[in-house]
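Structure first, commentary second.
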Amino acid sequence: MTDAPKPNDTAVDALSEKHAGQELARLAEVLARANDAYHTQDAPDLTDAEYDALKRRNTKIETRFPHLKRSDSPSDQVGAVAAAGFQKITHAVAMLSLWNAFTDDDVVEFDRAIRKYLGLSAITELTYTAEPKIDGLSLSLRYENGALVHAATRGDGATGENVTTNARTIADIPEELAGAPDLLEVRGEVYMSHVDFEALNTRQAEAGDKTFANPRNAAAGSLRQLDATITAARPLRFFAYAWGALSQPLSDTQLGAIDRLAELGFQTNPLTALCDGPDAMVAHFRKIEAQRATLGYDIDGVVYKVNDLAWQSRLGFRSTTPRWAIAHKFPAELAWTRLDGIDIQVGRTGALSPVARLHPVTVGGVVVSNATLHNEDYIAGRGADGGTIRDGKDIRVGDWVQVYRAGDVIPKVADIDLSKRPDAAQPYDFPETCPQCDSPAVREDGDAVRRCTGGLICPAQAIEKLKHFVSRGAFDIEGLGAKQVEQFFTDGWVKEPAHIFTLNARYGSGLQQLQNREGWGQKSANNLFQAIDDKRQIAFNRLLFGLGIRHLGEAAAKDLARHFVDWASLAQTVDLAAGEPALKDTAKAALDQSPGWQELLSIDGVGRTLVHSLIAAFTNNEERASFDRLLKELDVQPLEAASADTPVAGKTVVFTGSLEKMTRAEAKARAEALGAKVAGSVSAKTDLLVAGPGAGSKAKKAAELGIETLDEDGWLALINDA
């Protein structure tokens, strides 16, 4: 198992904004490790159900708090980088992952969200396909003029491993296709049947070779062999269910396209069905679930897809998932074990997070030795709203606890068996000082978490901030990961981000050189110094995210970078806001008279909580000084517009009133794709107002300021020229 993370398992709709930011940071870190273990090492430390549910929790938090989304968000990542030893293939069309559902209500919400996005009524016909979700390894097969050209694993979604020679050994994969489009990329899943898996493990054991933990691991390890003769000796199968690049459509529906793949000679799943809505989808889910044990291969849920391909096209994609598909996962499992201890871990924002140390227990094939306890209220049997949870039963060391493997990186403690509670068990006394630096740990009103007040003097916070700074979503410095950061911090070489960029000057020569450290040599040291220099030029939004300011996620960092363009402009506005009223409870009239706050809050996706965090960071003398030292080492580049050659590129657009030909979400996404900035309110910096029926005060203010105003037809005519 990986080291215990520090998530909060409070229901997403009950999370405070502060706590949500901490949870997203933890989820990003653990999911990145899990991606590498699963996709690159073929040695997962989380089951698929646990991993997928964890990603779902991350997405739900981001949906509720979009401005907290991180640039290293798991929602923006697919798989992991291709492993060394394989040639790389860039996918012509990215191989994306799926959003997940775990309850019937989630399926209903999926249907409701699609109808809302498309502007469809509740009675408009909308059908879906439903098919088993195979628990295997994703593979893309590219055919040109009917011939198999190459096969590639998913990799990180953009680039995969070239496993063409290995794929040719799988009987279910045709070498030639008759009547196929000139270009066709077939996507599907490589898997191993239960019978073949057992036979393989028997042969492996008899030969004294490695056995596999489950069929998925066996399939992945077999396909990703550098020696194709090993793959050829393994009983791999392939189900086709999707496509990437193609020169002409396979059909106008999802089901029709699957039928066409079957006609071309691919194995498709016979349990795929057409459903006319959530009730039928859930009914088919139950049917497949009842057959799960007798299918002869592993599945971990059912995938639903909008059947109409034209609607799929209109729905489009999020960063790593299609809007038109979702995976309905099977329920998690339960187990009972003893709670041997409670540890307190300190995170980047100073949050004190309790982790349960469990007597190891196997839950669904995974050995569990720790679980999240979330916060002091959860331990005491109180929920985020102050009400009781678990019938008010508190958690004590020595208790027998029910471990529930759901969506978090580690399991949660769902219940306690009071009949087995030791007589000497005492209520847990949550610490009021930081276990790392002994600073007071305080809990502010409205915050579910107690936080260390030590700031930069707290080594735990400093290390976590540095880990965040070098993470993939921030500066992403090759060769400088969490392990190296911890070592450099412990040795006193790197205490703040600016020290990373002076590392070569301080430890590149002389008696104490990096190349002389254990685990380093001249080549690896030079490679690190070069990787650091390569990141001196950095996009403004990545810099902002890398600073680790509370509540500043990926989306908000991009919004700020688009609006302010450079650091000086942002700093000037935040400094201006810092000198103005906090405006937590002031009237709107007062807000209108506050230029700094008005400008910050006019940015779509920026709220008052984030503004307070920005002010707190910029007015903290130590933190501001560390920012200044870092900026001296960097060449900060403006965030590139999504499209520079359009009529609205670089312009600030505000939408108001009711849009009749597209939803607000579609309008915003289209505007940003064309390089525009979308704001939530009209100001002197607004370039264009798009006003639908019912436009009120925004239209009036735009007229007063002389801002160009278009109706929806005018807007569509303008962007269609792009």
Determine, yes or no, whether Ala199 is among the hydrophobic types (A, V, I, L, M, F, W, C) and without any contact (Cβ under 8 Å) to a residue 12 or more places away in the chain. no
Inside segment 276-304, the number of residues satisfying the requirement of being in a strand (DSSP E or B) and closer than 15 Å to Arg115 by Cβ is 1
Consider Ala448 against the criteria (1) among the small types (Gly, Ala, Ser); (2) assigned to a loop (DSSP other than H, G, I, E, B); (3) more than 27 Å from Asn504 (Cα to Cα); (4) more than 24 Å from the chain's Cα centre (by Cα): it satisfies all of them except one. Which criterion is unmet? (4)
For segment 251-267, check the following and say yes or no: at least one residue is touching a helix residue (DSSP H, G or I) at 6+ places or on another chain (Cβ under 9 Å), surrounded by fewer than 15 Cβ atoms within 10 Å (Cβ to Cβ) and touching a residue at least 24 places away in the same chain (Cβ under 8 Å). yes
Qualifying residues in segment 286-306 (those that are surrounded by 16 or more Cβ atoms within 10 Å (Cβ to Cβ) and over 26 Å from the mean Cα position of the chain (by Cα)) - the one nearest to Pro132 (Cα to Cα): Ile288
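Among the residues of segment 91-123, which ones are part of a helix (DSSP H, G or I) and hydrophobic (A, V, I, L, M, F, W, C)?
Listed by number, the residues that qualify are Val107, Val108, Phe110, Ala113, Ile114, Leu118.
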Which residue pairs have Cβ atoms closer than 6 Å, lie 6 or more positions apart in sequence or on different chains, and pair a first residue in segment 551-578 that is more than 18 Å from Leu631 (Cα to Cα) with a second residue that is basic (Lys, Arg)? Gly553/Lys69; Gly553/Arg70; Glu554/Lys69; Glu554/Arg70; Ala555/Lys69; Arg562/Lys677
Any residue in segment 481-489 that is polar (S, T, N, Q), closer than 27 Å to Leu339 by Cβ and surrounded by fewer than 18 Cβ atoms within 10 Å (Cβ to Cβ)? no
Determine if segment 499-508 includes at least one residue that is surrounded by fewer than 18 Cβ atoms within 10 Å (Cβ to Cβ), part of a helix (DSSP H, G or I) and without any contact (Cβ under 8 Å) to a residue 12 or more places away in the chain. yes
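Residues checked against (1) of a type in the set (Phe, Trp, Tyr); (2) more than 27 Å from the chain's Cα centre (by Cα); (3) closer than 21 Å to Asp52 by Cα:
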position	(1), (2), (3)
Thr124	no, yes, no
Glu131	no, no, yes
Leu137	no, no, yes
Leu141	no, no, no
Asn145	no, yes, no
Leu148	no, yes, no
Ala151	no, no, no
Gly160	no, no, yes
For segment 460-478, indicate whether the set of residues that are out of contact with any strand residue (DSSP E or B) (no Cβ under 9 Å at 6 or more places or on another chain), surrounded by fewer than 19 Cβ atoms within 10 Å (Cβ to Cβ) and among the hydroxyl-bearing types (Ser, Thr, Tyr) is non-empty. no
Could you pull out every one of the helices (runs of 4 or more DSSP H) wholly within segment 595-702 that has 3 or more residues that are modelled with pLDDT under 80 and assigned by TED's automatic domain parsing to the domain that holds Asp713? 664-673
Residues that are on the phi > 0 side of the Ramachandran plot and modelled with pLDDT under 85: does segment 46-66 have at least one? no
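The values are calculated or read from the model by the stated rules, or taken from the named source; none is laboratory data. It should be emphasised that the depicted structure is a prediction, and the values quoted were computed from it without experimental measurement. So basically every Cβ, Gly included, is an ideal-geometry build from the backbone, and we count neighbours across all protein chains shown.
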